[in-house]
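Single-structure report; data block below.
The values are calculated or read from the model by the stated rules, or taken from the named source; none is laboratory data. This one's a predicted model, so the numbers in the text were calculated from it and none came from an experiment. Here Cβ is always computed from backbone atoms with ideal geometry, including for glycine, and neighbour counts include all displayed protein chains.
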2 protein chains.
Amino acid sequence: MSKTKGRVTLPSETGFLEETKEMMERWGADAIRDSDGTKLSEDLKSLDAKIYTTYFVSRGHNDFSRNHMEETQSLYLMSRHTLAVDTTLRISFMDGYFRQQVMPDYDHDPKIYWEVMDRTLGTVVPVENWEVWTESDEVVLKDIAPYHEYTVSFLVKAIWDPTQMYNHITNNWGDKEHDIPFDVRKKHSNEYIHSYMSQWMKENPRTDVVRFTTFFYHFTLVFNDLGKEKFVDWFGYSASVSVDALEAFAKEKGYRLRPEHIVDKGYYNTAFRVPTKEYLDFIDFQSAYVAKQAKKLVDEVHRHGKEAMMFLGDNWIGTEPYGKYFPEIGLDAVVGSVGGGATLRMISEIPGVKYTEGRFLPYFFPDTFREGNDPTIEAKENWRMARRAIMRKPVDRIGYGGYLSLAYQFPSFVDYIEKVTDEFREIYDNIKGKKPYTGLKVAVLNSWGTLRSWQTHMVAHALWYKQIYSYLGILEALSGDSVEVSFLSFEDVKTNGVPQDVDVLLNAGDAGTAFSGGEEWLDEKLVTTIRRWVYEGGGFIGVGEPSAVHHGGRYFQLADILGVDKELGFSLSTDKYFHTAKEKHFITEGIESPLDFGEGMKNIYALGKDTEILSYHDGQVELSAHDFGKGRGIYIAGLPFNFENARLLHRCMYYAAHKEEELHKLFAENIYVEVHGYPEIGRYALVNNTDSEQKTAVYDEKGRKTMTVLAPQEIRWMEMEKNEE
Amino acid sequence: MSKTKGRVTLPSETGFLEETKEMMERWGADAIRDSDGTKLSEDLKSLDAKIYTTYFVSRGHNDFSRNHMEETQSLYLMSRHTLAVDTTLRISFMDGYFRQQVMPDYDHDPKIYWEVMDRTLGTVVPVENWEVWTESDEVVLKDIAPYHEYTVSFLVKAIWDPTQMYNHITNNWGDKEHDIPFDVRKKHSNEYIHSYMSQWMKENPRTDVVRFTTFFYHFTLVFNDLGKEKFVDWFGYSASVSVDALEAFAKEKGYRLRPEHIVDKGYYNTAFRVPTKEYLDFIDFQSAYVAKQAKKLVDEVHRHGKEAMMFLGDNWIGTEPYGKYFPEIGLDAVVGSVGGGATLRMISEIPGVKYTEGRFLPYFFPDTFREGNDPTIEAKENWRMARRAIMRKPVDRIGYGGYLSLAYQFPSFVDYIEKVTDEFREIYDNIKGKKPYTGLKVAVLNSWGTLRSWQTHMVAHALWYKQIYSYLGILEALSGDSVEVSFLSFEDVKTNGVPQDVDVLLNAGDAGTAFSGGEEWLDEKLVTTIRRWVYEGGGFIGVGEPSAVHHGGRYFQLADILGVDKELGFSLSTDKYFHTAKEKHFITEGIESPLDFGEGMKNIYALGKDTEILSYHDGQVELSAHDFGKGRGIYIAGLPFNFENARLLHRCMYYAAHKEEELHKLFAENIYVEVHGYPEIGRYALVNNTDSEQKTAVYDEKGRKTMTVLAPQEIRWMEMEKNEE
């Protein structure tokens, strides 16, 4: 393979000039960036590379902030549920919160902006029945009902930026000053943000790319009274709330938001909640405003002949890249952290930018780059997962973060990344802009639709939770699958029906969540539209508790399609006769059992003998298929990511879509090998997703079968229309 | 032990006189009964024993029934959910039903008594929109919404008694005539039932005890089109429905029942459904009527100087023995099948009768009494479980069923039962009428309260279901525990509060069921009454999903008492810090881990650091305790029966009630040994619940400790106020 160059961003650091040159050469890097904790000296900035410089918009300017404490950012928080044992009650609403992060906002009248809720009745306590004691930070209630639980929803000022707070505490930065976040909606802050940007431009002439980290509002990250994380929601808009925002919202949308619309019983509208109209309105309202303000900054960057790049994280609230206002910002690029295939595609498919960049793992940090540890292992795993997704839709650049001086001490790691960067450029050069072959189109159906493309079932960014891994595996599997993937909201289906080109709908999640849909399924329009569509030939795959809401003698509202339902105890009296799994079936062919359904799902049973049970264990159906008119429904109890499950889902989709005959085109029998075709260039690639040699039968675009052996991690490019061996 | 006699009922059969005499002598039997499939010849009836004769009230008289087919019993059934793909639909409502058991009732106008439901909307389809086609047993719908699901609720005539049907099909009785059940509410049937009783009395002068099997209406047992069980509910009132009943109900209660009140979306109001007002009214209405009619029969029995005994099962609907009308029937006795301790106490505590009798296992049937099998094993297990309950509240008699000639062939079985009968009489003579020592009082709290005492979580009588065994263990444990047990409904608590003498409330079940309570927990009166009561010192034990209904930011409405809640996905963003189980705690002292929580419960987490976690596994709390005011809440994920769990529950109750100091009175440290005290007679019994020798420390009524060894299954009587060894 001849040496190639470009599309790679290298972190560097002051005093590391010669090694940086060497690494640029080896990895073919054409850009250099600073990092958290590193700066680029002038000699580095003079290298033949684009220079990325990190830029913080709304923090790191305490000289300004300290003089404008009335313009800090703010949040709505909810106190603990507090029990009344009498007709009076004192609620120490700040209990459990971190006073170094937030302080009560007494600048604005609590009687207007706060709310006390009777959580037992679900009603608002009249303002006459409570007072705020500002000396002790208590709300004192009178004439209330004993043994009810009460909460206070209150405004706080944010006095410490959450990301800096996290780094500060984690790295023991001691008395290093706390960054105070200021609010772009406020007069002086707005002026400062825009004027400082101009000034900075002038002071940083060598910068080619301004890397915004990010804009105005941090995702919700609240610490507890011990200075540890209390609440984290990567999608949370709570920290974008302010009196100014509330008043502007009322003017724009024609109604006032209540504190409850933001605190949402203490759930703070996490992505798992079926979103309310009010919350969707708030997202829309903030996104429009953020886009407008961000555009001003980006325009300024462009005026100075530089590029504007957004980091997808930290203060990214209001810039959801699949939202309708995002393209208006006019960004040149987005960079985001790649945890695997799903996050890669979350980045690579972002519309409205000139290019995307993935920041790969591991970070060059001492936790990984330490004596006795082999950072190559994590790098291989990260690349192997991301590569599947790159084959479908590549990012335009890859990059790394951290201390280059650390990575430099691990020669085998440097060797490996040299191969990765070459391989990335090879793939990119082959397929960029080429539509890959897809056997069918699947649409992931939930409350969020396209707005949260590739972002389902996420809590904090790319962290493992017991309650989500059995669903996250679906997107991870899809990210590298040779099918077209789209996202659809219930509202989309109700308004426009299922798009013509969709072959399979997929609904996955725990009951009541936005991903399963909860009470959305009580809408007859939704249910009948999907029933008709499947009946006329569509495929429907449900994972976990799809379409679940107890109504009309069903728990799964599409039980008739799926051929299974969940026993809640109410139908125990009805005999369940169907427990026998079919030994042979198209869906499970070539996949070793036992299958891994992750957390699985209890008490799923087949409705009748026309439900094909494909896996049955411990008294419950784990995998099944069911004909429904000309269409099919498939049930899966859970789908954590592994290659067996990726193949299982692939076969499920072909079966659901009645496309069994199409499966053996650009297909490898060995589940560890995937085939990606690019008809426009007349080529296809065989990809060995493992670290060991794989032998497999391969089917070309005409379905002609050959046997082949792939080296560990090999990617092999094949020509179409020839019978290669 | 000297030979004793009495309190034992022996099944016998024609042609077995001498052996019967021998067995009567050995087992000390003072009563002889016929059985399903056996008759007593005159010589047997002349023995010195009470003679029991089985009597069927509403079936077995086909000469009558065939002439009054308009008076068969009837049921409301619901068709399958049927999908409309058009604006018209034909529903073959009899699909899936057994035409030998039921036939559509066309005698009464379907437009009045049937109902067609749109299950997608949950609305009634106007009668103008459907017709019944009687030739094809179809309902034809027009002008309906495509892709909605529809059901038909329809009346059928019952033309085969379910118990006879079951025996007939199971035992291949071929062309033996089908018993047609007739309805006591109808004119001729009512006359026939009462006049035949008088006649039978005269024809059976040797009978001492008329064993009613049972009265008028069978529990719901419906077969499918393959002649196999389709639906079984031991508590089901569906087969007591008729046009006459519906009309009488309307007159008595002042409103009409709809078919939906009976078919209940296809759940048919099983005991797991939180009962509706209408269904409770119907139970009340039928029970009052059945009691009145049964009383007439019982009076007739008494007029002939005989006793009336009711079998608790088969046609027992309307005679719920803990219902308010039951005592009015005036029965002398109830006999029921003993599956274990809980069913024993369900029988032994029945109020309003002179005596109770338990029919013990195994039945003398060829499935158990066959060459190579040792029936003593089942007998020992049955006795061991029942004996625990007998020590708390004995039945007055024990008995067996089946073919004595079979049992006679197993000498070691005969020997064992000889010991059992002697032991039963010894226990009975010691404790009958004596209040046993109880350390505290627990009340089981659910929708049913006392009406279903000792009958929670039952589907078909004493059968195992995956969804219930983790709860049934609670009653089984309580049945032999040295605590007082009572049953309380949510309505009781709302109306009268928690009774003064209750120490611990226990709420156990899956979310939404009548045993957990479902939406009953939205009632602030219920919630606040219990909160106040616990706060002031009460104990609350929740098992499974206690008080679960999603509201106000809680899933367990009493999460504040329990200190735990269940993660539904909405609060994943809130960090959960409390995962560490305490090594040592009063509750788990002396109990080996790992504990067995049966099906367990997913995603239970501790709310804060003041929740004492006692078992934590796979990311979830399985056992915890939490102080709440002066009271305590305890959470258990599930409690299948075993002796570890029986002891665990015992200790939980003492801890919840703050009675730790009282535990070591009349107590054995070895979990396989239980101690039952009877202060009135100044004695206590040590009971070895196992088949092996047990060494244990024992504490007497003053808490004085001694060591002792008990032989397998031994029961040892001790005197109080002495320091025995």
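See the values below:
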item: Matching residues in segment A:603-616 - criterion: being surrounded by fewer than 19 Cβ atoms within 10 Å (Cβ to Cβ) and of a type in the set (Asp, Glu); result: A:ASP610
item: Condition check for A:THR356: part of a loop (DSSP other than H, G, I, E, B), of a type in the set (Ser, Thr, Tyr) and crowded, with 16+ Cβ neighbours inside 10 Å; result: no
item: All positions within segment B:99-121 that are of a type outside the set (Ser, Thr, Tyr), under 19 Å from B:ALA239 (Cα atoms) and in contact with a helix residue (DSSP H, G or I) (Cβ under 7 Å, 6 or more places away or on another chain); result: B:GLN101, B:ASP107, B:HIS108, B:TRP114, B:GLU115
item: Single condition A:PHE235 does not satisfy, out of (1) in a helix (DSSP H, G or I); (2) closer than 20 Å to A:TRP316 by Cα; result: (1)
item: All positions within segment A:530-544 that are crowded, with 23+ Cβ neighbours inside 10 Å and more than 8 Å from chain B (Cβ to nearest Cβ); result: A:ILE530, A:VAL534, A:GLY538, A:GLY539, A:PHE540, A:ILE541, A:GLY542, A:VAL543, A:GLY544
item: Residue in segment B:266-274 that is closer than 22 Å to B:ILE468 by Cα, charged (D, E, K, R), crowded, with 17+ Cβ neighbours inside 10 Å and in contact with a Ser or Thr (Cβ under 6 Å, 6 or more places away or on another chain) present; result: no
item: Candidate set: segment B:588-618, residues that are in contact with a Ser or Thr (Cβ under 6 Å, 6 or more places away or on another chain) and part of a loop (DSSP other than H, G, I, E, B); chosen: the one farthest from the other protein chains (Cβ to nearest Cβ); result: B:LEU595
item: Residues of segment A:128-157 satisfying the condition of being in a loop (DSSP other than H, G, I, E, B) and surrounded by fewer than 14 Cβ atoms within 10 Å (Cβ to Cβ); result: A:THR134, A:GLU135, A:SER136, A:LYS142, A:ASP143
item: Candidates A:SER516, A:SER547 - the one that is within 11 Å of another protein chain (Cβ to nearest Cβ), crowded, with 24+ Cβ neighbours inside 10 Å and at pLDDT 95 or above; result: A:SER516
item: Criterion: crowded, with 23+ Cβ neighbours inside 10 Å and small (Gly, Ala, Ser) - qualifying residue of A:GLY633, A:GLY600, A:GLY619, A:GLY590; result: A:GLY633
item: Some residue of segment A:276-283 being touching a residue at least 12 places away in the same chain (Cβ under 8 Å), out of contact with any Cys (no Cβ under 9 Å at 6 or more places or on another chain) and among the aliphatic types (A, V, I, L, M); result: yes
item: All positions within segment A:71-104 that are among the charged types (D, E, K, R), surrounded by fewer than 22 Cβ atoms within 10 Å (Cβ to Cβ) and touching a strand residue (DSSP E or B) at 6+ places or on another chain (Cβ under 9 Å); result: A:ARG80, A:ARG90, A:ASP95
item: Candidates A:VAL498, A:VAL527, filtered to the one that is more than 9 Å from every other protein chain (Cβ to nearest Cβ) and among the aliphatic types (A, V, I, L, M); result: A:VAL498
item: Odd one out for B:GLY401 among (1) without any contact (Cβ under 8 Å) to a residue 12 or more places away in the chain; (2) in the same structural domain as B:GLU357 (by TED's automatic domain parsing); result: (1)
item: Total residues in segment B:187-212, condition surrounded by 20 or more Cβ atoms within 10 Å (Cβ to Cβ) and not in a helix (DSSP H, G or I); result: 5
item: Filter pass, A:HIS664 being surrounded by fewer than 22 Cβ atoms within 10 Å (Cβ to Cβ) and at pLDDT 95 or above; result: yes
item: Identity of the residue in segment B:246-260, more than 14 Å from every other protein chain (Cβ to nearest Cβ) and buried (at least 21 other Cβ atoms within 10 Å of the Cβ), that ends up nearest to B:HIS108 (Cα to Cα); result: B:LEU246
item: Candidate set: segment B:126-149, residues that are among the hydrophobic types (A, V, I, L, M, F, W, C) and more than 13 Å from chain A (Cβ to nearest Cβ); chosen: the one farthest from A:PHE628 (Cα to Cα); result: B:VAL127
item: Flag for B:ILE634 being in a loop (DSSP other than H, G, I, E, B), among the aliphatic types (A, V, I, L, M) and more than 14 Å from chain A (Cβ to nearest Cβ); result: no
item: Filter result for B:PRO321 (closer than 22 Å to B:PRO162 by Cβ and in a loop (DSSP other than H, G, I, E, B)); result: yes
item: Residue list for segment B:130-171, restricted to those being more than 26 Å from A:ILE530 (Cβ to Cβ) and hydroxyl-bearing (Ser, Thr, Tyr); result: B:THR134, B:SER136, B:SER153, B:THR163, B:TYR166, B:THR170
item: Residue check, B:GLY598 at pLDDT 95 or above and touching a Pro at 6+ places or on another chain (Cβ under 7 Å); result: yes
item: Residue satisfying condition, being away from chain B (no Cβ under 12 Å) and part of a loop (DSSP other than H, G, I, E, B), within set A:ASP179, A:ASP225; result: A:ASP179
item: Some residue of segment B:709-723 being without any contact (Cβ under 8 Å) to a residue 40 or more places away in the chain, outside the structural domain of B:SER593 (by TED's automatic domain parsing) and in contact with a helix residue (DSSP H, G or I) (Cβ under 9 Å, 6 or more places away or on another chain); result: no
item: Residue that is farthest from A:ALA668 (Cα to Cα), among those in segment A:572-587 that are surrounded by fewer than 24 Cβ atoms within 10 Å (Cβ to Cβ) and within 14 Å of another protein chain (Cβ to nearest Cβ); result: A:THR574
item: Elements of type strands (runs of 3 or more DSSP E) contained in segment B:59-115, each with 2 or more residues being under 18 Å from B:SER240 (Cα atoms); result: B:74-78, B:102-104
